[in-house]
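The values are calculated or read from the model by the stated rules, or taken from the named source; none is laboratory data. The structure presented is a predicted model; accordingly, all values stated were derived computationally and were not measured. Counting neighbours? That spans all protein chains shown, and the Cβs are built from the backbone with ideal geometry, glycine included. These accessible areas exclude ligands, DNA and RNA; they are computed on the full protein's heavy atoms, side chains included. Shrake-Rupley method; radii C 1.70, N 1.55, O 1.52, S 1.80 Å.
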Amino acid sequence: MCDAAMWLFGYGSLMWDGWETRYGCRQRVHAVAPEHRRVFNKKSLERWGTHAQPGLTLNLAPAHEEAHRCRGIAFEFPDEHQTEIEAYLSARETCHASEIAVRLPDEAVTARTYIYDGPRLIENGLTLQERAAMILVAEGIAGSSYDYIANVRAHLDRLGVNDPAVDELWHAVAAARNGDKYE
């Protein structure tokens with residue numbers, strides 16, 4: 001008989017940076033959070049930027065269109081690791097876990113994920129070009145904000161996922177990096 005399981009849903013750097021290996025991850029599977037979509041609206045002040053030059057990272061928001069529903073990775077862990085996983089991820093993600101509905105290939109589960117709602121949220125008034133400019137100058141202890149979006153986009157490509165939020169900002173970043181304006 002299998003031990004009780006804890007599921008965790010990753011939609012940004014949790015999908016690709018290998019953090020799960022130290023916590024006895026049983027499996028990684030493609031998953032969909034049908035009620036959520038990715039948004040770049042969270043300032044990173046340590047991992048992918050600083051207080052002086054914040055990075056820009058992903059968060060989740062309600063999804064209203066099927067095309068925007070968030071596809072990512074669900075990680076299964078032995079339930080006994082829940083406390084240490086949540087301690088690590090709450091510090092890393094600067095918020096506490098929320099429970100959301102997630103569809104796996106063969107079943108639906110409740111998974112923990114990290115949805116930020118606090119003072120690090122980006123103001124709505126920033127243009128796409130201003131967000132791209134933030135990404136090009138920010139660097140933190142985990143790398144540059146550019147590395148963050150490049151790695152998220154590369155991982156989504158490997159999963160066969162076209163995410164409107166990631167693709168739009170990625171094209172704006174690429175244009176800004178080349179001195180062009182993305183419209």
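Selection of region 50-60 for residues being open to solvent by 20 Å² or more (accessible area, probe 1.4 Å) and either on the phi > 0 side of the Ramachandran plot or β-branched (Val, Ile, Thr) (or both) yields only 50. None of 149, 122 is touching a helix residue (DSSP H, G or I) at 6+ places or on another chain (Cβ under 9 Å) and modelled with pLDDT of 95 or more except 149.
Residues are listed down the side, and each one gets a yes or a no for (1) over 13 Å from the mean Cα position of the chain (by Cα); (2) closer than 15 Å to residue 109 by Cα; (3) polar (S, T, N, Q):
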{"site": "14", "(1), (2), (3)": "no, no, no"}
{"site": "27", "(1), (2), (3)": "yes, yes, yes"}
{"site": "31", "(1), (2), (3)": "yes, yes, no"}
{"site": "45", "(1), (2), (3)": "yes, no, no"}
{"site": "56", "(1), (2), (3)": "no, no, no"}
{"site": "74", "(1), (2), (3)": "no, yes, no"}
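Residue pairs whose Cβ atoms lie under 6 Å apart, sitting 6 or more positions apart in sequence or on different chains, and linking a residue in region 15-32 that is among the small types (Gly, Ala, Ser) to a partner that is open to solvent by less than 80 Å² (accessible area, probe 1.4 Å) and not in a strand (DSSP E or B), are 24/81; 31/104. When you scan region 118-128, do you find a residue that is touching a residue at least 12 places away in the same chain (Cβ under 8 Å), among the charged types (D, E, K, R) and either more than 19 Å from residue 170 (Cα to Cα) or open to solvent by 50 Å² or more (accessible area, probe 1.4 Å) (or both), even just one? Yes: region 118-128 contains one or more residues that are touching a residue at least 12 places away in the same chain (Cβ under 8 Å), among the charged types (D, E, K, R) and either more than 19 Å from residue 170 (Cα to Cα) or open to solvent by 50 Å² or more (accessible area, probe 1.4 Å) (or both). Within region 61-72, being open to solvent by less than 30 Å² (accessible area, probe 1.4 Å), in contact with an Asp or Glu (Cβ under 9 Å, 6 or more places away or on another chain) and either touching a residue at least 40 places away in the same chain (Cβ under 8 Å) or part of a helix (DSSP H, G or I) (or both) holds for one residue alone: 70. Condition check: within 30 Å of residue 126 (Cα to Cα) and either open to solvent by less than 20 Å² (accessible area, probe 1.4 Å) or of a type outside the set (A, V, I, L, M) (or both). Does residue 85 satisfy that? Here the answer is no, as residue 85 does not meet what is asked. Does residue 31 meet the test of being open to solvent by 40 Å² or more (accessible area, probe 1.4 Å), small (Gly, Ala, Ser) and either modelled with pLDDT of 95 or more or not in a helix (DSSP H, G or I) (or both)? In short, no.
Out of 147, 106, I need the residue that is charged (D, E, K, R), open to solvent by 20 Å² or more (accessible area, probe 1.4 Å) and assigned to a helix (DSSP H, G or I). Which one? Every option except 147 fails the conditions.
Yes or no, residue by residue, for (1) more than 19 Å from residue 39 (Cβ to Cβ); (2) over 16 Å from the mean Cα position of the chain (by Cα); (3) polar (S, T, N, Q); (4) in a strand (DSSP E or B):
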| residue | (1), (2), (3), (4) |
| --- | --- |
| 91 | yes, no, no, no |
| 113 | no, no, yes, yes |
| 116 | no, no, no, no |
| 119 | no, yes, no, no |
| 158 | yes, no, no, no |
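Here is a check on your reading of the model: is residue 136 open to solvent by less than 60 Å² (accessible area, probe 1.4 Å) and closer than 26 Å to residue 92 by Cβ? No.
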